[in-house]
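Everything on this sheet refers to the single structure shown next.
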Amino acid sequence: MRASGSSISSRSSVASRPSLDASWSLSPCNCVSLCPSSTAAFRTYSWASISFVLMRTDIGWRCRSKRPSNAAIPLYRPFSRKTRRYSTQLMYCSELLNDISLIRLVRYTSFPQFILLSGITRLSMPETQLQQARAGKITSAMKRVAERENCKPETVRKQVANGQAVIPTNHSHESLDPMIIGREFSTKVNANIGNSDTTSDIKGELQKLHTAVHYGADTVMDLSTGESLDQIRTANIEHSPVPVGTVPIYEAVKRAENPTDITHELLLEIIEKQAKQGVDYMTIHAGVLMEHLPLTDDRKTGIVSRGGSILAQWIEENGMQNPLYAKFEEICSIFAEHDVTFSLGDGLRPGCLADANDEAQFAELETLGELTQTAWDHGVQVMVEGPGHVPLDQIVENVERQQEVCDGAPFYVLGPLVTDIAPGYDHITSAIGATEAARAGAAMLCYVTPKEHLGLPDKEDVRDGLAAYRIAAHAADVANDLPGARDWDDALSEARYEFDWQRQFDLALDPERAQNSHDQTLPGDNYKDARFCSMCGVEFCSMRIDQDARNTDGEMTTINDETDLGSSPAADVNLPPVGVHDTSRVPDEIEIDGVTFT
Ligand SMILES: C[C@H]1O[C@@H](n2cnc3c(N)ncnc32)[C@H](O)[C@@H]1O
Ligand SMILES: Cc1ncc(COP(=O)(O)O)c(N)n1
Ligand code: SF4
Ligand SMILES: [Zn+2]
């Protein structure tokens with residue numbers, strides 16, 4: 001049976017190994033998926049657990065009943081390219097069968113297109129969190145998430161089972177501490193990092209990753225488009241306790257001579273490679289359809305999504321449909337194998353207030369709604385990306401429409417920026433929109449840094465962006481009455497009123513910044529229990545005046561009850577800087593090409 005320990009350390013044993021499920025039953029549709037597809041899964045599993053392997057014969061598989069010596073067994077041969085993927089999966093089986101002395105074809109199953117090989121133990125592919133949730137299983141990732149969100153594991157399972165929440169957990173992401181994204185849970189924040197062709201190396205990227213995690217990013221996206229893409233991605237995954245997202249079309253552009261030369265095969269190859277590397281979720285801009293492109297003609301700022309603009313160019317120059325749309329089901333199969341979560345990209349999102357909520361944006365959203373269903377049919381977890389630049393009064397409509405069109409799949413919004421006038425302050429223009437979006441039901445906010453529209457963010461920008469977005473997420477959680485969220489505000493206010501400066505710093509979203517600001521004018525230790533600060537000075541300190549008055553009236557004794565953050569229902573998210581990730585599986589060091597990074 002599946003490992004059932006609730007401790008975090010048992011997570012990988014559940015998430016990344018084939019399940020041994022005695023109650024598994026044969027059915028034509030899951031026989032193929034019975035064959036494991038991840039070599040990693042094999043290596044971590046003992047041979048003894050394999051009981052049988054099923055093979056499809058109707059799609060061109062041939063089987064030899066005898067194993068030729070010790071060589072890899074050519075058990076299966078595809079008839080056509082269409083069956084190539086099955087071939088890959090089954091060849092892994094043959095690697096495994098190598099170690100087994102006798103393979104006997106015993107009988108046909110009740111489904112004539114399948115041959116049952118026995119003499120070996122049962123084996124099945126690790127399933128996605130969605131598939132397991134639907135089957136009524138509570139995985140250790142679900143248990144861990146329930147612990148972090150202070151809810152029942154069954155609540156988590158139900159939310160995942162019906163697609164209202166996702167737990168991005170690639171089977172190969174060993175250092176991950178599972179988290180959940182869904183409107184019923186605390187609002188999450190994503191930080192974009194990654195290099196471009198002008199700046200930043202692996203070391204700089206790892207520093208941005210550390211900064212992002214330290215300041216409370218719930219997920220990070222590696223949006224690198226410069227040098228060393230594979231190395232940066234694998235280093236990020238290895239070091240990240242939070243889910244890592246990518247946009248595979250970016251690598252395709254780097255690999256092809258010209259974006260128009262990107263082939264379907266190249267895209268699938270890159271997606272599969274990144275899935276094997278352990279990427280937890282991928283932005284797939286499959287909703288940018290040929291027929292939607294004319295709808296952007298009258299826009300003020302056209303197509304501002306990078307992925308969207310590249311695909312639009314590809315579609316126009318090749319005169320063919322979006323390859324990510326054409327190959328969507330193949331992508332689903334890859335995602336199902338590794339439990340990669342879709343982040344359905346909004347390639348036609350508005351790039352300015354004037355273009356918000358236009359026909360192109362909503363036409364794409366309809367397509368994303370259909371693709372959500374297709375992904376669910378394949379047992380793959382889905383979230384949906386949203387805009388961008390939207391006037392404050394149109395944000396609720398955006399969220400409600402997405403929730404309706406995509407049947408409650410989690411909404412993951414970039415900002416949105418509520419005004420276009422403040423380059424240099426777009427972490428603020430967008431955090432205002434993000435707060436409104438989260439209030440209306442967005443599940444995850446993609447941060448925007450002060451460098452937006454101006455340049456590549458560095459680690460200080462990452463810190464500023466996260467501060468703005470942690471505030472947005474928390475403000476929405478408080479307003480939405482998330483149990484315990486307000487306790488953090490109450491505890492800090494108590495410390496403030498008591499002139500307990502140290503506690504006020506400690507409880508601050510960014511403790512270092514709070515202390516530095518106080519130190520700028522009143523650095524001495526004696527000021528750390530002073531009953532005023534330099535804002536008003538001792539004579540005009542309203543809190544001191546008020547306290548003295550209340551003291552005289554004998555009221556102070558009645559207001560002494562302290563909020564205990566440790567026992568708050570939101571204890572895990574009420575911790576400064578914010579949030580707690582279990583980093584115990586993140587290695588202290590990593591070596592890349594002979595250079596050690598920490
Ligand atoms: C979709 C969002 O991703 C941001 N974005 C794109 N590439 C990077 C990067 N390397 N680092 C940080 N943010 C990035 C854009 O600024 C946009 O806001
Ligand atoms: C919320 C969100 N939206 C979009 C993108 C992708 O960027 P792009 O669409 O510009 O390629 C992203 N990474 N996150
Ligand atoms: S951020 Fe800069 S590089 Fe990116 S689309 Fe805008 S102007 Fe172009
Ligand atoms: Zn913009």
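The values are calculated or read from the model by the stated rules, or taken from the named source; none is laboratory data. Keep in mind it's a predicted model, so treat the numbers as computed, not measured. Ideal geometry is used to build each Cβ from the backbone, glycine not excepted, and the neighbour counts take in all protein chains shown. For the accessible areas, the whole protein counts, side chains as well, though only heavy atoms, and no ligand, DNA or RNA atoms are used. Shrake-Rupley method; radii C 1.70, N 1.55, O 1.52, S 1.80 Å.
Worth a mention:
- For peptides 235-248, 361-374, 525-538, sequence by mean Cβ density within 10 Å, most packed first: 235-248, 361-374, 525-538
- Rg in Å to one decimal, and Dmax rounded to a whole Å, for the range 415-533 via C-alpha atoms: 16.5, 46
- Distance between the range 167-221 and the range 343-391 - C-alpha centres, whole angstrom: 22
- Tail fraction, Cα-Cα pairs, the range 487-566, threshold 14 Å, whole percent: 65
- Solvent-accessible area per residue in the range 487-566 equals 63 Å², computed with a 1.4 angstrom probe and all protein chains kept.
- Taking the range 487-566 and dividing mean pair separation by its residue count, relative contact order in percent (alpha carbons under 8 Å, at least six apart): 34
- In this simple spin-label approximation, Thr199 and Tyr497 carry label points 7 Å from Cα along the Cα→Cβ vector, and these lie 4.4 nm apart.
- Straightening the chain between Thr260 and Glu291 buys 9.3 nm, computed as 0.36 nm per residue apart minus the Cα-Cα spacing.
- Structure note, pairs Lys143/Lys276; Lys137/Lys208; Lys188/Lys451; Lys254/Lys276; Lys143/Lys273: Cα-Cα distances above 31 angstrom occur for Lys137/Lys208.
- Whole-angstrom gap from the range 506-530 to the range 428-474, using each part's C-alpha centre: 25
- Potential extension, Glu330-Asp458 segment - 0.36 nm per residue separation minus Cα distance: 42.4 nm
- The translational diffusion coefficient of the range 528-569, from Stokes-Einstein at 25 °C and 0.890 mPa s with a Kirkwood hydrodynamic radius over alpha carbon pairs, comes to 200 µm²/s.
- Of all accessible heavy-atom area on the range 487-566, the percent that carbon and sulfur account for (1.4 Å): 49
- Potential extension, Ala549-Asp564 segment - 0.36 nm per residue separation minus Cα distance: 2.7 nm
- A simple spin-label model places pseudo-atoms 7 Å from Cα toward Cβ; at Val538 and Ala354 they are separated by 5.9 nm.
- Label point distance in nm, Leu522-Asn318, each placed 7 Å from Cα along Cα→Cβ: 6.5
- Whichever aspartates and glutamates have a C-alpha closer than 17 Å to that of Lys300, once near sequence neighbours (fewer than 8 apart) are set aside: Asp355, Asp358, Glu359, Asp420
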